[in-house]
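Here is the structure we will look at, set down as structure tokens.
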There are 2 protein chains.
Amino acid sequence: MDEPLIGDVFGEMIRDAYAVRTGRGPRPLAGGRVPRPVIEVIERDDGLINGALADHYLDEPAEWQPHDHRALRLCRGHVLDIGVGAGRTAIEIQRRGMAVTGLDTSRGAIEVARRRGLRDTVLNTIDAYAVAGARYDTFLLLGNNLGLLESRQRAPIFLDALARLANPGARIIAQGTDPYGTTDPVHVSYHRRNRERGRLGGQLRLRLRYRMLATEWFDYLNCSIEELSALLTGTRWRLKSIDDEDRPYYLAVMELIS
Amino acid sequence: MDEPLIGDVFGEMIRDAYAVRTGRGPRPLAGGRVPRPVIEVIERDDGLINGALADHYLDEPAEWQPHDHRALRLCRGHVLDIGVGAGRTAIEIQRRGMAVTGLDTSRGAIEVARRRGLRDTVLNTIDAYAVAGARYDTFLLLGNNLGLLESRQRAPIFLDALARLANPGARIIAQGTDPYGTTDPVHVSYHRRNRERGRLGGQLRLRLRYRMLATEWFDYLNCSIEELSALLTGTRWRLKSIDDEDRPYYLAVMELIS
């Protein structure tokens, strides 16, 4: 059986999801005729596979989770939306007259965000962009993008890149998920297996697939608030507040230590 | 990365889809709390992967495709519903007072069909069941189950098993898909690649995955009406009529040669 090709999974998927939502442009058809919902396939390194509807990446504010609205009220100054995707939140921030830059590593996602009207975009990794001299007041990590902390090894490097991009008084507003409320034996065993391997329990090892494409395998972190606090130790960021009204999801606000 | 386990993919998936639809029983949750739609993941041997919502396997008659209703009007005598799944069509046939038996190789699917009220079920392969001495007047292959013909090699064996289960004057009512109307380069190349390997263009090589489970790789045939005619040559069945009103889908009625 052929291995999938490595490519811009997220971009291809978002392009198709946008075509399906708007009814414009070529889109995948079932039986060559019937439009099918665009589905993101997520493989985990223990063999688990899940599909999830991709359309939510394009949700208008009326369709958002309540914590996304609360996150936007915490933004101030120039916002860097990290993992901006199709611009779901950045476009709304721009509409409100705030300065916002959308950063993503997916060329296809950036293209869709621009087509939807997002003006200021950066196609880059956070590491490479951190040396470019730009400065921000708010770093936004929504859509579970606190997961970009990845691991105990990666988190301080990622947080240091943000510190280098930070104006004095800057904050990170990040949405995370506490994975430990589950009783599903598939997940409980996975958390244990991770710990046995010296990883954080919710340190997911994933790859995304869409049609003919796959990403490389990468880490994506679901962590508890306690674990997040520990990851901040020794970095230039401290935990300012937690909003866990929509448990297991939470919003963490971190501020730059002056 | 761990290989998935081989198991009753379809059964596990249908059990979860039934739990989600009815709101009863344990079901997979996102973040340990939020019910997620159940999605069937289909891998093809060229690296293509697709997700499809599984809920349609439980559709009530009001939600069916028009050709499913037309298929049921063609049933007569004792019906064997092959690949009965969760009993979508068999339960409606039973409700109409007709004799119907549902056959499937998935233990989980049969359990859901019985829980939904289907009385006469067989957990078996068609090959093993063909020696059991039962006789039917109609063989129903809906939900694209004409695909169970698989290949040039398998089709005559499958059709012979049905002939051994057939009363005089029996018919097969099968829903198929003509795959050749597509212009999607991914599918056009796949059809060519199949032909280069001596396979029928739409002879899909697939495996299904759901959560921790996978099936073995198997063939599933999307064929044109011309290809179907050719596959019937030399068997005990002849093509009686085609209903292609819902192209690319079609209903083929085949009758036993007396």
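The values are calculated or read from the model by the stated rules, or taken from the named source; none is laboratory data. Given the structure is predicted, the values throughout are model-derived calculations rather than measurements. Here Cβ is always computed from backbone atoms with ideal geometry, including for glycine, and neighbour counts include all displayed protein chains. Only protein heavy atoms, including side chains, enter the accessible area calculation; ligands, DNA and RNA are left aside. Shrake-Rupley method; radii C 1.70, N 1.55, O 1.52, S 1.80 Å.
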When the stretch A:183-218 is examined, which residues are found to be more than 13 Å from chain B (Cβ to nearest Cβ) and open to solvent by 20 Å² or more (accessible area, probe 1.4 Å)? A:Arg192, A:Arg195, A:Glu196, A:Gly198, A:Arg199
Is it true that B:Leu146 is within 21 Å of B:Ile14 (Cβ to Cβ), of a type outside the set (S, T, N, Q) and within 14 Å of chain A (Cβ to nearest Cβ)? yes
So, in the stretch A:151-179, how many residues would count as being within 14 Å of chain B (Cβ to nearest Cβ) and either in contact with a Pro (Cβ under 8 Å, 6 or more places away or on another chain) or more than 29 Å from A:Asn50 (Cβ to Cβ) (or both)? 3
With (1) within 8 Å of another protein chain (Cβ to nearest Cβ); (2) over 22 Å from B:Pro185 (Cα atoms); (3) open to solvent by 30 Å² or more (accessible area, probe 1.4 Å) as the list, and A:Arg36 as the residue in question, which single condition is left unmet? (2)
Name, by its number, the condition in (1) away from chain B (no Cβ under 14 Å); (2) closer than 30 Å to A:Arg199 by Cα that does not hold for A:Ala99. (2)
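Condition check ((1) of a type in the set (Asp, Glu); (2) at the interface with another protein chain (Cβ under 8 Å from one of its Cβ atoms); (3) farther than 29 Å from B:His191 by Cα; (4) assigned to a helix (DSSP H, G or I)) across all residues:
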{"position": "B:Gly11", "(1), (2), (3), (4)": "no, no, yes, yes"}
{"position": "B:Arg24", "(1), (2), (3), (4)": "no, no, yes, no"}
{"position": "B:Arg27", "(1), (2), (3), (4)": "no, no, yes, no"}
{"position": "B:Val41", "(1), (2), (3), (4)": "no, yes, no, no"}
{"position": "B:Gly47", "(1), (2), (3), (4)": "no, yes, no, no"}
{"position": "B:Leu72", "(1), (2), (3), (4)": "no, no, yes, yes"}
{"position": "B:Cys75", "(1), (2), (3), (4)": "no, no, yes, no"}
{"position": "B:Leu80", "(1), (2), (3), (4)": "no, no, yes, no"}
Of (1) under 26 Å from B:Ala155 (Cα atoms); (2) under 16 Å from the mean Cα position of the chain (by Cα), B:Ala130 satisfies every one except (2)
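Is it the case that the stretch A:159-171 has a residue that's among the hydrophobic types (A, V, I, L, M, F, W, C) and farther than 23 Å from A:Ile225 by Cβ?
Scanning the stretch A:159-171, I find at least one residue that is among the hydrophobic types (A, V, I, L, M, F, W, C) and farther than 23 Å from A:Ile225 by Cβ, so the answer is yes.
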Can you confirm whether A:Asp2 is on the phi < 0 side of the Ramachandran plot and either more than 14 Å from chain B (Cβ to nearest Cβ) or buried (at least 16 other Cβ atoms within 10 Å of the Cβ) (or both)? no
Would you check if there is a residue in the stretch A:66-78 being within 16 Å of the chain's Cα centre (by Cα), surrounded by fewer than 21 Cβ atoms within 10 Å (Cβ to Cβ) and at pLDDT below 95? no
Mind checking whether some residue in the stretch A:129-147 is within 30 Å of B:Pro185 (Cα to Cα) and not polar (S, T, N, Q)? no
